[in-house]
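Here is the structure we will look at, set down as structure tokens.
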Amino acid sequence: MDKKSIAGIVIVALIFLGFTFYNSHQQKKYQEQLMAYNAEQARIQAEQDSLLALNAPLPTADSAAIAAAGERLSGDSLQAQRRIMQFGELLAAAQQAEAEEFTVENEVLKIDFSTRGGQVKDVTLKDYTKYAPRDERNQPVRLFDPATANFALTFYVKNGHNNVLVNTADYTFNLVSMEKDADGAQRITMDLPVARDAVLRYEYVVYNIQSPARDYLVDLNVYLKNMAPQMASQTTVGIDWSNRSYQNEKGFQNENTYTTIYYRAPGESSADDLGMSDGEKQKTVSSSLNWVAFKQQFFSSVMIAPENFSYADMKFTTAEKGSGYIKDFSAKLTVPYTAQTDHYNFAFYFGPNKYAILKHVATTEGDDELHLERLIPLGWGIFGWVNRWFVIPVFDFLRQFIPSFGLIILILAVLVKVIISPLTYKSYISTAKMRVIKPEVDELAKKYPRQEDAMKRQQATMELYKKAGINPMGGCIPLLIQMPIIIAMFRFFPASIELRGQHFLWADDLSSYDSVLSLPFNIPFYGDHVSLFALLMTVALFAFSYINYQQTASSQPQMAGMKFMMVYLMPVMMLLWFNSYSSGLTYYYFLANILTIGQTLVIRRMIDEGHTVAIHGYSHDYAAIYKSDEAFMQNIYRLRDRLRSDFGYEAAIIRFPGGSSNTVSRQYSVGIMSRLAQRVQAEGFTYFDWNVSSGDAAGTPASSGQIYNNVTSALRHDRGNVVLMHDAGAKGTTADALPDIIRYCLANGYSIQPITPATKPVHHGIAN
């Protein structure tokens with residue numbers, strides 16, 4: 001064994017012996033303290049027994065009634081003496097004092113106070129009413145159930161040799177003053193005398209400055225006046241806060257889903273919560289927090305500690321459906337305490353979960369770091385970003401001009417579709433190209449039929465896709481772009497208090513489900529009502545899924561096996577899921593599906609009817625574009641980049657100005673056409689000429705009849721026919737002749753197909 005090993009063993013042994021000695025010393029100290037405590041308790045019990053003996057009633061033989069009365073008086077006196085001995089004279093008196101209740105109001109709040117515990121017993125929001133049928137909404141929203149509301153500080157004070165636990169909820173405070181400041185703020189001061197010259201003071205400040213972010217905020221300043229000598233040895237002061245929340249919305253299940261406890265750690269821009277649960281949930285946090293919130297779907301009660309809580313034990317229990325309540329909340333909190341602590345500054349937010357208000361709630365002037373807006377579950381990551389920076393600003397902007405929320409949702413749906421339309425167009429082009437080259441893909445399958453040739457078949461297919469400018473994943477891009485928006489809307493609508501109580505068509509509350517038929521029974525996973533918006537959304541989703549399946553299955557045979565899930569199962573699942581969700585959300589999804597169907601049909605017609613976007617040139621100035629190889633390529637790149645940025649379309653087909661056989665280019669650069677023909681193909685472009693000319697490029701405009709004859713006489717069945725036509729403003733006769741030309745082609749066995757990079761090119765002989 002080497003020296004290092006021996007040294008290590010010695011060190012470990014010394015540590016073990018040191019720990020053993022320390023532990024035995026601590027145990028001895030603990031036993032001594034325990035013996036002293038037991039002795040003190042025995043002394044106190046002896047004193048109480050003596051008092052009991054002194055105060056025992058003296059029985060008289062001549063009056064039993066007098067004896068009974070004496071017993072009662074003696075018992076009351078004994079209890080009072082015991083309270084005084086245990087708590088001190090002032091706290092004992094505060095226990096027995098009668099409570100007083102009073103109300104303080106501002107423009108948005110009505111707050112009921114009680115001197116018992118010096119606490120808020122009820123809060124009414126003046127601007128909001130509980131859900132009821134449209135003409136019966138007259139009950140204001142209440143955040144507290146007075147029977148269960150509780151707020152108390154807990155701490156230990158000295159009383160002789162005893163440490164007495166004080167729970168302020170057990171004591172009646174003295175109402176000292178109710179004053180109004182110059183700015184309209186009301187200050188309510190309540191005192192709890194703890195000992196001679198030692199007072200626990202509560203000062204509530206209720207604002208009324210017509211600023212929602214401030215008027216929904218109630219300050220609570222706690223002062224420990226001369227309390228340090230009376231406080232027992234302790235490092236924290238406890239806070240017990242609990243309340244039972246009323247059901248304020250239409251659907252119990254929907255409101256319950258969004259009712260939970262939120263909390264935030266200092267320095268964090270996000271907030272955490274206890275999760276969504278129908279039962280019971282509890283969580284303990286041993287790190288610093290700067291607020292804890294009892295959050296309902298649209299309203300919250302938040303306790304704020306600017307200097308932070310040091311510990312939190314939070315719990316909720318779900319109430320029974322039909323009881324009129326949603327959840328029972330409780331939070332056991334602590335704040336640090338030292339002998340130098342003489343005050344705490346707390347605050348309560350009692351108000352709506354409204355983004356524009358919560359974002360600006362601050363406990364001090366200029367302090368915007370509370371991030372109470374995180375109470376609104378807008379989604380994490382990109383989903384929350386979409387809501388914060390797109391949906392909410394657009395929604396708030398439209399509200400300034402449009403009173404109907406149904407119309408606002410319609411405009412929002414249209415706007416989203418317009419934004420993603422270039423990607424949708426590009427996706428459909430890719431799908432259309434895949435349909436066009438499907439015969440060639442099938443030929444590759446025949447060429448490589450064996451399983452061992454699968455790699456060769458895949459490589460050949462990908463090469464064909466590349467040549468045709470097809471992205472195999474192109475069809476997924478619009479869906480990937482839409483998913484953050486779809487999920488963002490899923491979080492936005494149920495959490496948007498702006499929709500609460502807003503009616504549209506048959507829906508009486510866009511924040512909750514619409515019901516056109518109440519069922520006398522409950523269907524599992526569906527509910528006891530029929531939501532028409534959910535039904536319409538389902539029908540629209542089925543139609544879109546069917547159209548999309550038809551589009552993809554023809555070009556991607558592997559999709560055939562997905563028909564049942566895509567076309568039938570998914571819409572049914574969405575119906576079951578969304579029947580009890582926000583009608584604003586199902587209305588939006590219905591609109592989105594309808595708009596997507598319309599957009600798909602328009603784009604399909606554009607693509608399927610033979611529209612191919614190709615490059616002819618950003619400029620048609622021969623002298624400029626044909627002066628050099630680079631000048632021509634820059635002209636091509638400019639148009640390609642413009643098509644890419646404006647439409648998301650990657651053009652890969654070129655027609656040279658004047659055709660590849662033009663000779664005019666020789667005037668500016670000899671041999672340029674021979675070089676460009678090789679250059680464009682080397683850079684991934686395919687160039688086309690024509691083999692049928694309409695004759696509309698002549699200096700003298702041709703008649704529609706001449707154009708018709710030029711085209712129909714030159715068509716041949718033994719080749720692919722590429723017809724040259726022009727669409728300039730002076731070519732009106734070309735447009736006139738085109739319908740007749742199309743009818744002729746279809747009647748004579750010709751099919752009209754889009755030109756793709758996979759189409760066999762038509763080339764002229766190069767003359768330069």
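Work out, in µm²/s and without decimals, the Stokes-Einstein translational diffusion coefficient of the range 97-222 at 20 °C, 1.002 mPa s, Rh from Kirkwood over C-alpha pairs. Please list the in-between numbers first.
Working: Rh = 16.2 Å.
Once the numbers are plugged in, D ends up at 132 µm²/s.
Give the separation of the Cα centroids, the range 700-768 to the range 293-336, in Å.
75
Among all the aspartates and glutamates, which ones have a C-alpha under 12 Å from LYS359's C-alpha, if same-chain residues fewer than 8 places away are not counted?
Output for LYS359: ASP367, ASP368, GLU369, GLU373.
State, to one decimal in nm², a quarter of the convex hull surface area for the C-alpha atoms of the range 622-747, i.e. the direction-averaged projected area.
Working: hull surface 38.0 nm².
Mean orientational projected area (the range 622-747, Cα hull): 9.5 nm².
Return the distance in nm (one decimal) between the two label points of a simple spin-label model at ASN308 and VAL613, each offset 7 Å from Cα along Cα→Cβ.
Each label point lies 7 Å from its Cα, and together they span 5.5 nm.
Using alpha-carbon positions, what is the distance between the centroids of the range 494-526 and the range 89-127, in Å?
Result: 37 Å between the Cα centres.
Summing +1 for each Lys or Arg and -1 for each Asp or Glu, what net charge is found among the other residues whose Cβ lies under 15 Å from the Cβ of ARG201? Walk me through the numbers on the way to the answer.
On the way: positive: ARG187, LYS225; negative: GLU179, ASP191, ASP197, GLU203, ASP219, ASP342.
Net of charged neighbours comes to -4.
Which entries of LYS250/LYS295; LYS130/LYS354; LYS126/LYS332; LYS466/LYS627; LYS121/LYS250 have Cα-Cα distances beyond 20 Å here?
On the way: LYS250/LYS295 17 Å; LYS130/LYS354 17 Å; LYS126/LYS332 29 Å; LYS466/LYS627 31 Å; LYS121/LYS250 25 Å.
Those over the limit are LYS126/LYS332; LYS466/LYS627; LYS121/LYS250.
Throughout, read-outs are computed from the coordinates displayed, never taken from laboratory work. This is a predicted model, so every value here is computed, not measured. So basically every Cβ, Gly included, is an ideal-geometry build from the backbone, and we count neighbours across all protein chains shown.
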